[in-house]
Structures are given as structure tokens and as C-alpha cells.
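The values are calculated or read from the model by the stated rules, or taken from the named source; none is laboratory data. This one's a predicted model, so the numbers in the text were calculated from it and none came from an experiment. Cβ: placed from backbone, ideal geometry, glycine included. Neighbour counts: every protein chain shown. Please note that ligands, DNA and RNA were not included when accessible areas were found on the heavy atoms of the full protein model with its side chains. Shrake-Rupley method; radii C 1.70, N 1.55, O 1.52, S 1.80 Å.
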Amino acid sequence: MKALTKAEEQVMQVIWKLEKAFLREIVDEMPAPKPHQNTVATLLKILMEKQFVNVDLIGRMHRYYPLVSKDAYSKASMKNLVKGYFEGSF
């Protein structure tokens, strides 16, 4: 599983919370100072390329939903942390 940047992870936190959301809903849930809508759209595109989210087309609107659960990402992150800093030993 690919690692996420801080900004990508912040967007994923919102998507995990909402489960399915449109771009405007994601931006509205972001903490202050809220990023620009174009910034979040770019991050969503990257998350799609990394196969963390997918999209449902509803008319001309895109509704995003997670492909990777928060639990699965947390476990993978912890394994990478242990592997990188503690030579694989818990």
C-alpha cells in the first residue's frame, strides 16, 4: 500500500468520516483554514491514481468513496513505521 502525504491523509480522514461525499461536502468538512476546492480536487485525483478512492458519476457530479478502509490503512502505516524505525521488531 502506498504511503499518503499529510494533505492526502487529511482528505482521506474526511472521506472515511462521510463514507460517500461530493467535492463540496469534502471541502466543507475540512478543518480551517479550508483549502481551495481546486486543491482538494487535485488531491482526490491523486488518491484515485493511488487507488484509495473511487468515484460514482451522478449526472455531472462526482461522488467519492473510499476503496481502502481506515483500519487497513492504519495497520499498513504501523507496519511501515515498525519496519522503518525498529527493524521490523514490535
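Report the gain in length on full extension from Lys6 to Glu19: 0.36 nm times residue separation, minus Cα-Cα distance, nm rounded to one decimal.
Extra length from Lys6 to Glu19 when fully extended: 2.7 nm.
Could you do me a favour and compute the accessible area per residue for the chain, 1.4 Å probe, result in Å²? Spell out each step's value before the answer.
Values: 6390 Å² over 90 residues.
Dividing the accessible area of the chain by its residue count gives 71 Å².
Loop-only check: which trypsin sites (Lys or Arg not before Pro) in the stretch 27-90 are DSSP coil with at most 13 other Cβ within 10 angstrom?
Arg60
If you take the beta carbon distance between Gln51 and Met78 as r and set R0 to 22 Å, what does 1/(1 + (r/R0)^6) give as a FRET efficiency, to the nearest 0.05?
Calculated value: 0.65.
May I ask you to derive the relative contact order of the stretch 19-90, considering only C-alpha pairs under 8 Å and at least 6 residues apart, and to give it as an integer percent?
Numbers: 57 pairs, mean separation 19.5, N = 72.
Across the stretch 19-90, relative contact order equals 27 percent.
Relative to the longest principal axis of the chain, what angle (0 to 90°, nearest 10) does the C-alpha long axis of helix 37-49 take?
So the helix axis and the longest Cα principal axis differ by about 50 degrees.
Once neighbouring chains are kept in place and the probe is 1.4 Å, which whole percent of the accessible area of the chain is contributed by carbon and sulfur? Show your work: numbers first, answer last.
On the way: 3490 of 6390 Å².
Carbon and sulfur atoms account for 55 percent of the accessible area of the chain.
Which of the three applies to the chain, rounded, prolate or oblate, going by the alpha-carbon gyration tensor with a ≥ b ≥ c and a/c under 1.5 meaning rounded?
Values: a/c = 2.54, a/b = 1.94, b/c = 1.31.
Prolate.
Give the residue list of GluC sites (Glu not before Pro) in the stretch 1-79 that are DSSP loop and have at most 10 other beta-carbon atoms within 10 angstrom.
Details: sites: Glu8, Glu9, Glu19, Glu25, Glu29, Glu49; in loops: Glu19.
Those that pass, being in a loop and sparsely packed, are Glu19.
Considering only DSSP states other than H, G, I, E and B, which chymotrypsin sites (Phe, Trp or Tyr not before Pro) in the stretch 19-86 qualify as loop sites with at most 16 other Cβ atoms within 10 Å?
Phe86
Cα-Cα over 21 Å: which of Lys20/Lys79; Lys34/Lys79; Lys50/Lys70?
In this structure, Lys20/Lys79; Lys34/Lys79 exceed 21 Å between Cα atoms.
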